[in-house]
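Chemist: Next up is a structure, given as structure tokens.
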Amino acid sequence: MDYYLMQLVNGLSQGAIYALMAIGYATIVGVVGMVTFTHGEVIMIGAYAAFYAFSFFAENLFLGIITSFAASWLLGIVIYKVCYERFFDSPRHIPLICTIGFSMLIKNLAQIVFGPNMKAMPQPIDLGFINVLGVRINTIQILIIVIVISLSTILYIVNSKTRWGIQLRAVSQDKKASALMGINVQRTTMIGNCIGCGLGGVAGMLLAIYYQSILPTMGGVLGLKSFISSVLGGLTNIPAAALGGILIGVTENLGTAFLSNSYRDVFAFVFLVLVLIIKPEGISKKVGGRP
Amino acid sequence: MAEIILEAKGVSKHFGGLKAVENVDMEIYRGDIFGIIGPNGAGKTTFFNICSGIYEPTYGEILFKGEPIRNLNPEQIARKGMARTFQNIQLFKNMTVFENVRIGFHIRTKTRMFDAIFKNKTYQSDEEFVNEESMKIIDKVGLSAYKNTMAGNLAYGIQRRVEIARALALNPDILLLDEPAAGMNPIETNNLKEFIIKLNAEGYTIAVIEHDMKFIMSLTNRLLVLNFGEKISEGTPEIVKNDQNVIEAYFGKGKIAGGENS
Amino acid sequence: MISNTFENVKKIYKKHAKIINIVLIILLLIIPRLMPNSYLMGIVCRILMYATLAGSLNIINGYSGQFNIGHAGFFLIGAYTEAILATTYGWSFWPAMIIAGIVTSIVGFLVSLPTLRLRGIYLAIVTLGFSEIIRIIALNWTDVTGGPMGIKGIPSPELFGFRISGPVDYYYIFLIVGILFLFITNRILKSRVGRSWISIREDELAAKSLGVEANRAKSANFMYGAFWAGIVGATYAPYYKFIASDMFTLDEGFNILAMVIIGGQGTLIGPFVGASIATLISEVFRFASQYRMVIYAILIIVMMWWRPQGLVGAYDSILAGDDKSLKKRKKSITQKVGDN
């Protein structure tokens, strides 16, 4: 029983990371209005940025968050320029293929620049355990959940209270109308894209700390999982996407407890097919965007 | 009295809180040129989309040749013999006029993969049929000159004709035309009117959406008037023309209309 | 300019189709006599194999406008089906190949099923996920697939008691498969079936309003494309005599996709051009697959920027974008979005 409880806790903390990835993904799809395949690579770059920050400067968690967020933000600008900016009026498959190409580019450049092998991730905080109701909980797990919740709260406040957030929501609802209202649509879209990327980058760092390792090809499956989490919210609904991420994290960890660990990535896919069969439009009505 | 070909019974369509179409009844008889009119945003196109299966009605039933079709999707309804055109022309823009019309013959031919691979009798007779009939329809609609032109490069009015030609390829029992005269100049509109009357004389039942009163009054034999999703009048052009509700919907209350208040 | 040249070539070809086809086929048949070098023949074999494989993907992406990005998964199923039938059950190559094609097409049907009613992007994700899952299963289901060791010693096919082995012999198998593929596909595309696929690609709503059963046509299209992926997979397995799950990664899928996109979607010749270019690039960067993938990636992006339909793709289709000139497109964005 304890074992399953522990797996549940593992699932929740891992699900929290997936939720952060998915929040980023849903933000991007909502604002840009196009589906992206680059998110996995954005996550990977965030993880590597934190890795180098830890290795060269200090093993400071706050520094890691800032670096990974900034690095992914910058990558977000490039992605916007390469994959979206000129394609708002084109048929949808063109920017989509462009993101596939860009994701291939980053993944393979990363293998050339960072080296193709797995590296150990420095641990910015000491490993400790807390006993809660007889379940040993890792301090990192608690930290992950705290960081994810605080970042989501910040995003929520930015989205609902600030001028930026209002512009972002306006743009994700209707680009033409926003332009008529005097919003700089291109810049706002880019910022929305960058915020989503930045969150993905932090998620990448957390994941690397959680697994204590990084790999240039880690992005592929993660990008897929971000998408699958967002499917639950019709790709653009942020809270539903977060819920999807948590559900996938829990399913994966409980699933591997019953089945073999080698089938870990299968669960997310099964989850996707189930959602598509049962509730293809997601649990909420689509708001804005045209993915 | 002729057979009812398309019948709507208490049809409603709600989008969230918006009642786009509310409790509309309609009967179209075989041989009619039936008009659906109303100001912009009256729910005409939504109503057409319900009839042709693009939307499922929230309430109510649609009967086509006596069969309920509310649960059928557009392709099934097309197969039953209903063809339509679209308000914002849905041509295959990158295909020639000839190719556009050929696709219209989809349901009247039977070639499967197997037939195509071996070029057997089914394939040959289908291809022959499609090519000949396509030419006939193109001639009939007066598009022979544009046969090999890319549909997307044609003028607006001609594109509408191509869409009608393509719909005729289905040999439909009823033809729904969604604002066929939009964007046409008066001469084109007049030609279109004559063309629709000619088609009707050949035995096609036709339903037309339009908001141009003059056009529709001289074309149709019966009318349905929608406003804010509800039916406000129905009958022959004469009846509708003098209906106080219609006059109010089009010209507002009081003053100009009718003249008695001025 | 490219499209003009391509158009002219097409015109000339159409005029003398029969003669050119016969000359081409004779040329293709005697290539091994002119070039008895087995290294070069190996490259030619790869080009032919990938041309058919990319062609099968082009059926799905280029002709019906669906979006499959996990083609490696179907390739894997074809290869494993043949390999398992040939090694474990001792089947001969030819029936095993047909079965591999059929199995793959059934799997294709199942994969396309949950997304038929949804927008294309969901199919993309499902195929991507499927491709990765099927690889994980092949890697872990040791009893059947040999797990990480893969399947070794896949027997060479025999034809009339003559054992086919080595690139020169295989060249003919790949050639026959490729020609059959082109021949059959060409006939289907020029019939009612192919027209319905293209009509869905161009405008699904219009196609439906004309009675084209879009879901059914899309499924059939997907199955047909998957069938040929299975056939190519089945010919691939005995050619390399050994298959393992890491030959069918997502990268392999992107590799195939890159061929279709670079060469051109929506034409029969496009995938052949793409496969030739990609195979030559991969020959040059033989020892650094990352550099190869970087070049593919850049080529894909370049294509999307300036020539979305690919080098020799169907320029007269939605694949080429709405506005044919980029300047016009950029202008229309700034107009719509405003440059405040």
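Chemist: Taking helices (runs of 4 or more DSSP H) that do not extend beyond region A:114-184, which have at least 2 residues that are more than 14 Å from chain C (Cβ to nearest Cβ)? Let's see the steps before the verdict.
Modeler: Numbers: elements: A:139-161, A:163-173, A:175-180.
Result: A:139-161, A:163-173.
Chemist: Now for a separate question. Checking the condition closer than 20 Å to C:I179 by Cα, open to solvent by 10 Å² or more (accessible area, probe 1.4 Å) and not small (G, A, S), which residue from C:L27, C:L53, C:L57, C:L40 passes?
Modeler: Result: C:L27 is the single residue among C:L27, C:L53, C:L57, C:L40 that is closer than 20 Å to C:I179 by Cα, open to solvent by 10 Å² or more (accessible area, probe 1.4 Å) and not small (G, A, S).
Chemist: Yes or no: region A:210-220 includes at least one residue that is more than 14 Å from chain C (Cβ to nearest Cβ) and in a helix (DSSP H, G or I).
Modeler: Scanning region A:210-220, I find at least one residue that is more than 14 Å from chain C (Cβ to nearest Cβ) and in a helix (DSSP H, G or I), so the answer is yes.
Chemist: Give me a count of the residues in region B:120-145 that are open to solvent by 80 Å² or more (accessible area, probe 1.4 Å) and either within 24 Å of B:I197 (Cα to Cα) or within 7 Å of chain C (Cβ to nearest Cβ) (or both). If you could, list the steps in order and put the result at the bottom.
Modeler: Within region B:120-145, the first condition is being open to solvent by 80 Å² or more (accessible area, probe 1.4 Å), and the residues that meet it are B:121, B:124, B:128, B:132, B:136, B:139, B:145.
Then drop every residue that is not either within 24 Å of B:I197 (Cα to Cα) or within 7 Å of chain C (Cβ to nearest Cβ) (or both), which leaves B:136, B:139, B:145.
Of the residues in that region, 3 qualify.
Chemist: For the subset of region C:267-295 comprising residues that are within 16 Å of C:D251 (Cα to Cα) and more than 14 Å from chain A (Cβ to nearest Cβ), which member is modelled with the highest pLDDT?
Modeler: Ranking the qualifying residues of region C:267-295, first place goes to C:A275.
Chemist: Which residue pairs have Cβ atoms under 6 Å apart, sit 6 or more places apart or on different chains, and have a first residue in region B:172-196 that is touching a residue at least 24 places away in the same chain (Cβ under 8 Å) and under 21 Å from B:Y29 (Cβ atoms) and a second that is crowded, with 21+ Cβ neighbours inside 10 Å and among the charged types (D, E, K, R)?
Modeler: B:L176/B:R84; B:P180/B:R160
Chemist: Residues in region C:229-265 that are within 14 Å of chain A (Cβ to nearest Cβ), assigned to a loop (DSSP other than H, G, I, E, B) and surrounded by fewer than 24 Cβ atoms within 10 Å (Cβ to Cβ): how many?
Modeler: Matching residues across region C:229-265 total 1.
Chemist: Run down A:K81, A:K107 and say which single residue is farther than 17 Å from A:T217 by Cβ and within 14 Å of chain C (Cβ to nearest Cβ).
Modeler: Working: A:K107 fails: farther than 17 Å from A:T217 by Cβ.
One residue alone meets the criteria, A:K81.
Chemist: For region A:4-31, which residues satisfy the criterion of being in contact with a Cys (Cβ under 7 Å, 6 or more places away or on another chain) and among the polar types (S, T, N, Q)?
Modeler: Answer for region A:4-31, where residues must be in contact with a Cys (Cβ under 7 Å, 6 or more places away or on another chain) and among the polar types (S, T, N, Q): there is none.
Chemist: Another question, if that's okay. Name the pairs: first residue in region B:24-39 and free of Cβ contacts under 8 Å to residues at least 24 places away in the same chain, second residue open to solvent by 10 Å² or more (accessible area, probe 1.4 Å), Cβ to Cβ under 8 Å, at least 6 apart or on different chains?
Modeler: So the pair list comes out as B:E27/B:I4; B:E27/B:E7.
Chemist: On to the next question. Conditions: (1) in the same structural domain as C:L319 (by TED's automatic domain parsing); (2) over 22 Å from C:V260 (Cβ atoms). C:R46 meets all but one. Number of the miss?
Modeler: Against the list (1) in the same structural domain as C:L319 (by TED's automatic domain parsing); (2) over 22 Å from C:V260 (Cβ atoms), C:R46 comes up short only on (2).
Chemist: On to the next question. Of all the residues that make up region C:100-138, how many are more than 18 Å from A:K279 (Cβ to Cβ) and either open to solvent by 60 Å² or more (accessible area, probe 1.4 Å) or outside the structural domain of C:F222 (by TED's automatic domain parsing) (or both)?
Modeler: Just the residues of region C:100-138 that are more than 18 Å from A:K279 (Cβ to Cβ), to begin with: C:100-112, C:120, C:124, C:127-128, C:130-138.
Of the ones still in play, those that are also either open to solvent by 60 Å² or more (accessible area, probe 1.4 Å) or outside the structural domain of C:F222 (by TED's automatic domain parsing) (or both) are C:102, C:106, C:109-110.
Looking only at that region, the number is 4.
Chemist: Among the residues of region A:92-104 satisfying the criterion of being open to solvent by less than 20 Å² (accessible area, probe 1.4 Å) and of a type outside the set (A, V, I, L, M, F, W, C), which is nearest to the other protein chains (Cβ to nearest Cβ)?
Modeler: A:G101
Chemist: Enumerate the helices (runs of 4 or more DSSP H) found wholly within region C:70-176, keeping only those where 3 or more residues are more than 14 Å from every other protein chain (Cβ to nearest Cβ) and farther than 27 Å from A:G220 by Cβ.
Modeler: The qualifying helices (runs of 4 or more DSSP H) are C:71-87, C:93-112.
Conditions tested, residue by residue: (1) of a type in the set (A, V, I, L, M); (2) modelled with pLDDT under 95.
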{"position": "A:Q14", "(1), (2)": "no, yes"}
{"position": "A:I17", "(1), (2)": "yes, yes"}
{"position": "A:L61", "(1), (2)": "yes, yes"}
{"position": "A:L74", "(1), (2)": "yes, no"}
{"position": "A:V82", "(1), (2)": "yes, yes"}
{"position": "A:R92", "(1), (2)": "no, yes"}
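Chemist: Right, another one. Given the criteria farther than 17 Å from B:T111 by Cβ, open to solvent by 10 Å² or more (accessible area, probe 1.4 Å) and within 14 Å of chain B (Cβ to nearest Cβ), does C:E213 qualify? Before the answer, list the steps.
Modeler: Values: farther than 17 Å from B:T111 by Cβ: no; open to solvent by 10 Å² or more (accessible area, probe 1.4 Å): yes; within 14 Å of chain B (Cβ to nearest Cβ): yes.
Taking the combined requirement at face value, the residue does not satisfy it.
Chemist: Give region B:47-74 a look and list any residue that's within 9 Å of chain C (Cβ to nearest Cβ) and under 15 Å from the mean Cα position of the chain (by Cα), or say none.
Modeler: First pass over region B:47-74, keeping only residues within 9 Å of chain C (Cβ to nearest Cβ): B:52-54, B:73-74.
Those that are within 9 Å of chain C (Cβ to nearest Cβ) and under 15 Å from the mean Cα position of the chain (by Cα): B:S52, B:G53, B:I54, B:P74.
Chemist: To continue, here is another question. When region C:296-307 is examined, which residues are found to be surrounded by fewer than 21 Cβ atoms within 10 Å (Cβ to Cβ), within 9 Å of another protein chain (Cβ to nearest Cβ) and among the aromatic types (F, W, Y)?
Modeler: Of everything in region C:296-307, just one residue is surrounded by fewer than 21 Cβ atoms within 10 Å (Cβ to Cβ), within 9 Å of another protein chain (Cβ to nearest Cβ) and among the aromatic types (F, W, Y), namely C:W305.
Chemist: What pairs come up if the first residue lies in region A:2-18 and is open to solvent by less than 10 Å² (accessible area, probe 1.4 Å), the second is hydroxyl-bearing (S, T, Y), and their beta carbons are under 8 Å apart, counting only those six or more places apart or on different chains?
Modeler: Here the result reads A:G11/A:T251; A:S13/A:Y210; A:Q14/A:Y210; A:I17/A:Y210; A:Y18/A:S226; A:Y18/A:S229, each pair linking region A:2-18 to a residue that is hydroxyl-bearing (S, T, Y).
Chemist: Only one of A:Y48, A:Y25, A:Y18 is touching a strand residue (DSSP E or B) at 6+ places or on another chain (Cβ under 8 Å) and closer than 15 Å to A:G204 by Cβ; which? Working first, answer last.
Modeler: Numbers: A:Y25 fails: touching a strand residue (DSSP E or B) at 6+ places or on another chain (Cβ under 8 Å); A:Y18 fails: touching a strand residue (DSSP E or B) at 6+ places or on another chain (Cβ under 8 Å).
Just a single option satisfies the conditions, and that option is A:Y48.
Chemist: Inside region A:235-259, can you point out the residues that are in contact with a helix residue (DSSP H, G or I) (Cβ under 7 Å, 6 or more places away or on another chain) and not hydrophobic (A, V, I, L, M, F, W, C)?
Modeler: Correct list: A:T236, A:N237, A:G244, A:G245, A:G249, A:T251, A:E252, A:N253, A:G255, A:T256.
Chemist: What are the residues in region C:184-206 that are within 16 Å of C:G225 (Cβ to Cβ) and either aliphatic (A, V, I, L, M) or within 16 Å of the chain's Cα centre (by Cα) (or both), if any?
Modeler: Kept after step one, since they are within 16 Å of C:G225 (Cβ to Cβ), are these residues of region C:184-206: C:184-189, C:193-194, C:196-198, C:200-201.
Scanning region C:184-206 gives C:I184, C:T185, C:N186, C:I188, C:L189, C:V193, C:I198, C:I200.
Chemist: Determine which member of the set B:N88, B:N94 is outside any helix (DSSP H, G or I) and more than 8 Å from chain C (Cβ to nearest Cβ).
Modeler: Numbers: B:N94 fails: more than 8 Å from chain C (Cβ to nearest Cβ).
The conditions single out B:N88.
Chemist: Here's a follow-up. Is it the case, given these coordinates, that B:F34 is within 14 Å of chain C (Cβ to nearest Cβ), in contact with a strand residue (DSSP E or B) (Cβ under 6 Å, 6 or more places away or on another chain), open to solvent by less than 40 Å² (accessible area, probe 1.4 Å) and not hydroxyl-bearing (S, T, Y)? Write out each step before concluding.
Modeler: On the way: within 14 Å of chain C (Cβ to nearest Cβ): no; in contact with a strand residue (DSSP E or B) (Cβ under 6 Å, 6 or more places away or on another chain): yes; open to solvent by less than 40 Å² (accessible area, probe 1.4 Å): yes; not hydroxyl-bearing (S, T, Y): yes.
Considered against the rule, which asks whether it is within 14 Å of chain C (Cβ to nearest Cβ), in contact with a strand residue (DSSP E or B) (Cβ under 6 Å, 6 or more places away or on another chain), open to solvent by less than 40 Å² (accessible area, probe 1.4 Å) and not hydroxyl-bearing (S, T, Y), B:F34 comes out as no.
Chemist: Looking at (1) outside the structural domain of B:R30 (by TED's automatic domain parsing); (2) open to solvent by less than 10 Å² (accessible area, probe 1.4 Å), can you tell me which one B:T205 breaks?
Modeler: (1)
Chemist: Of all the residues that make up region C:81-117, how many are within 15 Å of C:A237 (Cα to Cα) and touching a Phe, Trp or Tyr at 6+ places or on another chain (Cβ under 7 Å)?
Modeler: Residues flagged as within 15 Å of C:A237 (Cα to Cα) and touching a Phe, Trp or Tyr at 6+ places or on another chain (Cβ under 7 Å) within region C:81-117 amount to 4.
Chemist: Working only within region B:45-69, note down all residues that are open to solvent by 20 Å² or more (accessible area, probe 1.4 Å) and among the small types (G, A, S).
Modeler: Hits for region B:45-69 are B:G60, B:G66.
Chemist: Does region A:45-65 contain any residue that is under 30 Å from C:R307 (Cα atoms) and touching a Cys at 6+ places or on another chain (Cβ under 8 Å)? Let's see the steps before the verdict.
Modeler: The initial filter retains those residues of region A:45-65 that are under 30 Å from C:R307 (Cα atoms), namely A:45.
Those left that are additionally touching a Cys at 6+ places or on another chain (Cβ under 8 Å): none.
No, region A:45-65 contains no residue that is under 30 Å from C:R307 (Cα atoms) and touching a Cys at 6+ places or on another chain (Cβ under 8 Å).
The values are calculated or read from the model by the stated rules, or taken from the named source; none is laboratory data. Please read all numbers here as calculations on a predicted model, not as lab measurements. Glycine gets a Cβ as well: all are built from the backbone with ideal geometry, and neighbour counts include every protein chain shown. Accessible surface areas use protein heavy atoms only, side chains included; no ligands, DNA or RNA. Shrake-Rupley method; radii C 1.70, N 1.55, O 1.52, S 1.80 Å.
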